[in-house]
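The structure under discussion appears below in the form of structure tokens.
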Amino acid sequence: MRFEGKIALVTGGSSGIGRATALAFAREGAKVVIGDIQVEGGERTLQAIKEAGGDAILVKTDVTRPDQVEALIKRAVETYGRLDCAFNNAGIGGGRAPTAKCTEEEWERVISENLKGVWLCMKYEIPQMLEQGGGAIVNTSSVAGVVGFEGTPAYVASKHGVVGLTKAAALEYATSGIRVNAVCPGVIRTPMIDRIVAARPNMAEVYRTMHPIGRLGEAEEIAEAAMWLCSDAASFVTGHCMVVDGGLVAQ
């Protein structure tokens, strides 16, 4: 029960890594605030937490909208009184095209969701954490935030941006009791990856062989990393971008 008595926020909690992390926080004793634009999936996460005896709320949130992010944090504090941990995980994959053929619409859509969304969450989480005397934030980047990949310029740029933003915020609030870190997952078995494999079955083997460990990651494995970074066990860790990728970027 590492998080007994703690309040944890998870954006993108309707499925995949977000759902796994919301469930894990609840299992470890936290009261969970789920923020997601996908209400139906969010309600399934909420129901799973409650059926397991946990305490949680769901707030419909578009992380690209400052008014909705502000309302999310306000609702969390109104309901539970504080905000101890925040996992800023909401994001999208985007389409495939080389840099010169990436459309402006695609660029703005991916950057807005993946980078602006993380910044907006921290913009409203940090003042609350400053007021209460501290907290822990974990942002979801990617192995694409550490190395480059062809054909996804907006995604790679957005995830590199999350790494830089994480480091900047970590330095700014290091003496204020707020730790800011990131997780950088490899290819994780999520509904998004399942859709890609369903459309292009050959990608199952491509994804598998990308990882020296010989398999895709599981959402629960990223949840464990995120929770460790939020926990007191990581009390001397800030500004760190933890790669959880089965050895992918070690190659």
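The values are calculated or read from the model by the stated rules, or taken from the named source; none is laboratory data. Everything numeric in this text was worked out from a predicted model, so none of it was measured. Note that we place each Cβ from the backbone using ideal geometry, even for glycine, and neighbour counts take in every protein chain shown.
What the table below lists for this structure:
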quantity: Matching residues in segment 32-45 - criterion: being farther than 18 Å from residue 69 by Cα and either buried (at least 23 other Cβ atoms within 10 Å of the Cβ) or β-branched (Val, Ile, Thr) (or both); calculated: 45
quantity: Residue list for segment 67-97, filter: under 12 Å from residue 8 (Cα atoms), not in a helix (DSSP H, G or I) and not polar (S, T, N, Q); calculated: 81, 82, 83, 84, 85, 86, 87
quantity: Enumerated strands (runs of 3 or more DSSP E) restricted to segment 6-66, each holding at least 2 residues that are at pLDDT 95 or above, more than 23 Å from residue 221 (Cβ to Cβ) and of a type in the set (A, V, I, L, M, F, W, C); calculated: 56-60
quantity: Single unsatisfied condition, residue 114 versus (1) touching a strand residue (DSSP E or B) at 6+ places or on another chain (Cβ under 8 Å); (2) closer than 18 Å to residue 226 by Cβ; (3) not in a loop (DSSP other than H, G, I, E, B); calculated: (1)
quantity: Any hit, segment 150-159, residues being free of Cβ contacts under 8 Å to residues at least 40 places away in the same chain and either of a type outside the set (A, V, I, L, M, F, W, C) or not in a loop (DSSP other than H, G, I, E, B) (or both); calculated: yes
quantity: Residue within segment 1-13 that is basic (Lys, Arg) and touching a residue at least 60 places away in the same chain (Cβ under 8 Å) present; calculated: yes
quantity: Complete set of residues in segment 190-225 that are surrounded by 15 or more Cβ atoms within 10 Å (Cβ to Cβ), assigned to a helix (DSSP H, G or I) and of a type in the set (Ser, Thr, Tyr); calculated: 207
quantity: Enumeration of residues in segment 218-237 that are under 16 Å from the mean Cα position of the chain (by Cα) and of a type in the set (S, T, N, Q); calculated: 231
quantity: All positions within segment 162-189 that are more than 14 Å from the chain's Cα centre (by Cα) and either assigned to a strand (DSSP E or B) or surrounded by fewer than 18 Cβ atoms within 10 Å (Cβ to Cβ) (or both); calculated: 164, 167, 168, 171, 172, 174, 175, 176, 177, 178, 179, 189
quantity: Per-region count, segment 93-115, residues surrounded by fewer than 21 Cβ atoms within 10 Å (Cβ to Cβ) and modelled with pLDDT of 95 or more; calculated: 15
quantity: Any pair with Cβ under 6 angstrom, 6 or more apart, that starts in segment 25-40 at a residue that is under 20 Å from residue 81 (Cα atoms) and ends at one that is of a type in the set (D, E, K, R) and surrounded by 18 or more Cβ atoms within 10 Å (Cβ to Cβ); calculated: 30/6
quantity: Qualifying residue in segment 99-106 (condition: within 19 Å of residue 164 (Cα to Cα), of a type in the set (Val, Ile, Thr) and in a helix (DSSP H, G or I)); calculated: no
quantity: Only listed residue being more than 20 Å from residue 228 (Cα to Cα), of a type in the set (Lys, Arg) and within 13 Å of the chain's Cα centre (by Cα), chosen from 159, 123; calculated: 159
quantity: Members of segment 126-143 that are over 14 Å from the mean Cα position of the chain (by Cα) and outside any loop (DSSP other than H, G, I, E, B); calculated: 126, 127, 128, 129, 130, 131, 132, 135
